[in-house]
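The values are calculated or read from the model by the stated rules, or taken from the named source; none is laboratory data. Predicted model, so just to flag it, every value in this text is computed and none were measured. Note that each Cβ is placed from the backbone with ideal geometry, even for glycine, and that neighbours are counted across all protein chains shown. What goes into the accessible areas is simple: the full protein's heavy atoms, side chains included, and nothing from ligands, DNA or RNA. Shrake-Rupley method; radii C 1.70, N 1.55, O 1.52, S 1.80 Å.
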Amino acid sequence: MKDEELQDKRIAVLLSGGVDSSVVVYELASRGLHPDCFYIKIGPEEEEEWDCSSEEDLEMATAVAHRFGCRLQVVDCHKEYWSQVTKYTMDKVRAGFTPNPDVMCNRLIKFGAFDEKMGHNYDLIATGHYAQTEWIDGQKWLTTSPDPVKDQTDFLAQIYDWQLRKALFPIGHYMKDEVRQIAEREHLVNAKRKDSQGICFLGKIKYNDYIKRYLGENPGDVLELETGKKIGEHKGLWFHTIGQRHGLGFGGGPWNVVKKDMANNVLYVTKGYEPKKAWSKEFKFHDFHHLTPAELPTEVTFKIRHTPEFHHARLEKTAEGCYTVFSDYLIQGVAPGQFCVIYDKEHHRCFGSGEITV
């Protein structure tokens, strides 16, 4: 969006305390704008029991907002996060699927609960995502960042069209190194702070510890797919994902997780560093969510997880919102519950995403 188009807009910045959202504030301030900044409080559920960096995050956010003369307000979305995103995650995990909480956090919290509480007072909601938007033939599209490693369009592919219309990504045209350079040049307080890793609210907490807290353990057999031979026991199917190769702890491997039998509580694995049964060229997804109203093309690129690579494929529509993906080559670890994110064949425009089916 051009500078002159921003001048009369009411802009809210979601300021996390990290370097990316801090450079967002700098970028807007350098254009003569004074956005209102908001720190979203989402977790953890019981702070005395969980190791969380939220206090440091808020201190950083406060310092950055003060530096650029912007108002900072804390918005408590804690209940919404735990009632919506956590419920989504636990329901999927319990059913044997592979969910993505960060995808739903963008849809339900950052552009959802926040908008309900505060965003209705603003024309635009700016975040530090590595993504861009473009107006093409009168429609606003989510488009990819030039940094393939940091591109976050896959995390945004489930937001609603009205949320996309309000979204502003001021650093989306930069490479990550450039953002760091800006932060260091401007002597931002968090210029050298490391990026957060993992699920947005867990801090240093391990994902499996988070699952164990809410679902507990449910031991069962681990069988070799080809022979049916028992090679060990698992503590719960929800601690494992299709395609998992690390942290299994079974001797005689390496082993790859290839199947989960939820009815009988059995985990199936196969042996080898690159076993063929852990790879797929064809799979289905359903409930496709359109970011921008448009028919999906036949020739596309896609992602099923957050990686720099885009995979080329052909789509075949089987029902409304349901498609079969015919990949040009084998894809490792295709798992039910993952989001398949669809792009044009130049991997520029993001059409949206659908959930991979069984």
**Prompt:** So what is the relative contact order of the chain, in percent, for Cα pairs below 8 Å that sit 6 or more residues apart?
**Reply:** 16
**Complete:** hull vol. (C-alpha, convex hull) per residue for the range 177-291, Å³ -> 214
**Asked** So what's the back-of-envelope 222 nm ellipticity for the chain, counting only DSSP H runs of four-plus at -39500 (n - 2.57) apiece and dividing by all residues, rounded to 500?
**Response** -5500 deg cm²/dmol
**Asked** What share of all Cα pairs of the range 296-358, in percent, falls into each consecutive 10 Å distance bin?
**Response** 23, 62, 15, 0
**Request:** Quick one: pull the percent of accessible area on the range 215-358 belonging to carbon and sulfur, 1.4 Å probe, ligands and nucleic acids left out.
**Result:** 51
**Message:** Testing the spin-label approximation: label points 7 Å from Cα along Cα→Cβ at LYS276 and ARG94. State their distance in nm.
**Reply:** 3.9
**Fill in**
Extension length gain for TYR214 and ASN265 (0.36 nm per residue less Cα distance), in nm, is 16.6 nm
**Prompt:** Rounded to whole Å and sorted largest first, what semi-axes of the equivalent ellipsoid does the C-alpha gyration tensor of the range 234-314 yield via the square root of 5 times each eigenvalue?
**Reply:** 31, 16, 11
**Message:** Straight-line reach from LYS271: which lysines fall under 29 Å, measuring Cα to Cα and dropping same-chain residues less than 8 apart?
**Reply:** LYS92, LYS206, LYS212, LYS229, LYS230, LYS235, LYS259, LYS260, LYS281, LYS284, LYS303
**Virtual spin-label span in nm between GLU178 and ARG193, 7 Å along Cα→Cβ** = 2.3
**Fill in**
Rh (Kirkwood, all Cα-Cα pairs) for the range 67-179, Å, reads 15.5
**Asked** For helix 54-67, what angle does its Cα long axis make with the longest principal axis of the chain, in degrees from 0 to 90 and rounded to 10?
**Response** 30
**On Cα atoms only, tilt of 19-29 relative to the major axis of the chain in degrees** = 30
**Request:** With springs connecting C-alpha atoms under 10 Å apart, model the chain as a Gaussian network and identify which of ILE42, ILE182, ILE304 has the largest mean-square fluctuation.
**Result:** ILE182
**Prompt:** Which lysines have a Cα less than 16 Å from the Cα of LYS176, not counting those fewer than 8 places away in the same chain?
**Reply:** LYS150, LYS192, LYS194
**Asked** What does the convex hull of the Cα atoms of the chain come to per residue, in Å³, rounded to a whole number?
**Response** 145
**Prompt:** Roughly how tilted is helix 176-185, in degrees to the nearest 10 and between 0 and 90, from the longest Cα axis of the chain?
**Reply:** 40
